[in-house]
Amino acid sequence: MRTRTSVTAAVFALIAATLAGCAAAPTGTVDSAVTADPSTPLTELTFLTDPHSYVGQSTAILSTDAIPTPDTAPEQSLPATVSSHDLDGDVPVTVTSTDRIVAMDLSGSIAATVYGLGLGDSMVGRDISTTFSQAADLPVITSSGHTVNSESILALRPTLVVTDGSIGPIDVVLQLREAGIPVVFVETTPSIDGVGELARQVSAALGAPAAGEVLAQSLVSGIEAKVSEIASVVPSGKPLRMMFLYLRGTSGIYYLFGKESGADVIISALGGVDVAAEIGLDGERPMTDEAVVAANPDLILVMTDGLASVDGVSGLLDSKPAIALTTAGQNRRFVDMADGEILSFGPRTADVLDALARAIYAPGS
């Protein structure tokens, strides 16, 4: 399966399997956090003179959780035959109808792309990571954690399933194809260029390649503009050393996200230094005390529900003394963001970067 990178897919599959049956709403609570006002333009905020000296937790919040959509649905040409990048390599799949679409992946990026193309009204089901407002009323097709429930999908009578293989089990997904449903596997890369490529691949599967090219160019240029804007307002000097920590305390899961995980792209776009990549970590790796101490981040990025699952910052520092030894731990410098948003590479990436920049460099502004 060529989805993201091989190591990323394998580790995410492990995480999803471990979370099955126990990744519902977190049982803990999050410490009181400063939130960054999403309504004021980024360039009008009062940024910290020295972001290294800030003490406390902050939360990144999107100005809206809705996906921008075009005024009219795109023109489609069906049937469309596309290459599905699945276990058997590039397999041709012919799509004859997009009347009933199920799009599913670990971050909700595919579903967001379908909506961004203007074809969200054809969606009939969503994965647990598809949390934006337009899809809120759709039935969830993952039974627990990121485990696909084939019965719930079949009951929706989809005419097309689009996925990247990051949720499964893969055998269950392939059963859908055996049941006669066209299943298209797209290749996803957690990067700025990958956002555009995802738009192109999804639109091709939906018979709307021209709309996909327009969306791809718009998204990539929007992200690049946001990265430049962040660079222009971030205080000059020594960059913040950042680390992304994946937490699921109820399952005993603590992972560091390093190079080619997507977290490195986010951190770089925010003007930071990815300390996990700096110490040589590729993909996602189980957290060790030695790695955390060696990395010594100034700031730690986390998912909101993940932080809640370890009883907030206080619970995390009490249970993992190595984190408490870091500069971030000593300053309680954690930035959390909703699980379905922080690593979502798709139509909301520019907004995610904007929200994170506010929480990191202008908390409370």
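Identify all residues within segment 320-358 that are aliphatic (A, V, I, L, M) and over 20 Å from Glu197 (Cβ atoms); write none if there are none. Passing the criteria: Ala322, Ile323, Ala324, Leu325, Ala328, Val335, Met337, Ala338, Ile342, Ala355, Leu356, Ala357.
Only one of the numbered conditions (1) acidic (Asp, Glu); (2) touching a residue at least 60 places away in the same chain (Cβ under 8 Å); (3) surrounded by fewer than 22 Cβ atoms within 10 Å (Cβ to Cβ) is not met by Asp318, and that is (2).
How many residues are polar (S, T, N, Q) and either touching a Lys or Arg at 6+ places or on another chain (Cβ under 9 Å) or farther than 18 Å from Leu245 by Cα (or both) when one looks only at segment 330-358? So the count comes out to 1. Does segment 63-78 contain any residue that is part of a strand (DSSP E or B) and surrounded by 14 or more Cβ atoms within 10 Å (Cβ to Cβ)? So far as segment 63-78 goes, no, none of its residues is part of a strand (DSSP E or B) and surrounded by 14 or more Cβ atoms within 10 Å (Cβ to Cβ). Of the residues making up segment 324-364, just one is part of a loop (DSSP other than H, G, I, E, B), farther than 13 Å from Ser129 by Cβ and among the hydroxyl-bearing types (Ser, Thr, Tyr), namely Thr326. Scanning segment 197-208 for residues that are in a helix (DSSP H, G or I) and buried (at least 20 other Cβ atoms within 10 Å of the Cβ) gives Leu198, Ala199, Gln201, Val202, Ser203, Ala205. Among the residues of segment 228-237, is there at least one that is surrounded by fewer than 20 Cβ atoms within 10 Å (Cβ to Cβ), of a type in the set (D, E, K, R) and more than 30 Å from Asp298 (Cα to Cα)? No: zero hits.
Taking the condition within 30 Å of Ser150 (Cβ to Cβ), part of a helix (DSSP H, G or I) and modelled with pLDDT of 90 or more, does Thr113 pass?
Working: within 30 Å of Ser150 (Cβ to Cβ): yes; part of a helix (DSSP H, G or I): yes; modelled with pLDDT of 90 or more: yes.
Answer is yes for this residue.
Filtering segment 151-185 to residues that are assigned to a loop (DSSP other than H, G, I, E, B) and of a type in the set (A, V, I, L, M) leaves Ala155, Leu156, Ile167, Ala179, Ile181.
The values are calculated or read from the model by the stated rules, or taken from the named source; none is laboratory data. This one's a predicted model, so the numbers in the text were calculated from it and none came from an experiment. Reconstructed Cβ throughout: ideal geometry from the backbone, glycine too, with neighbour counts over all protein chains shown.
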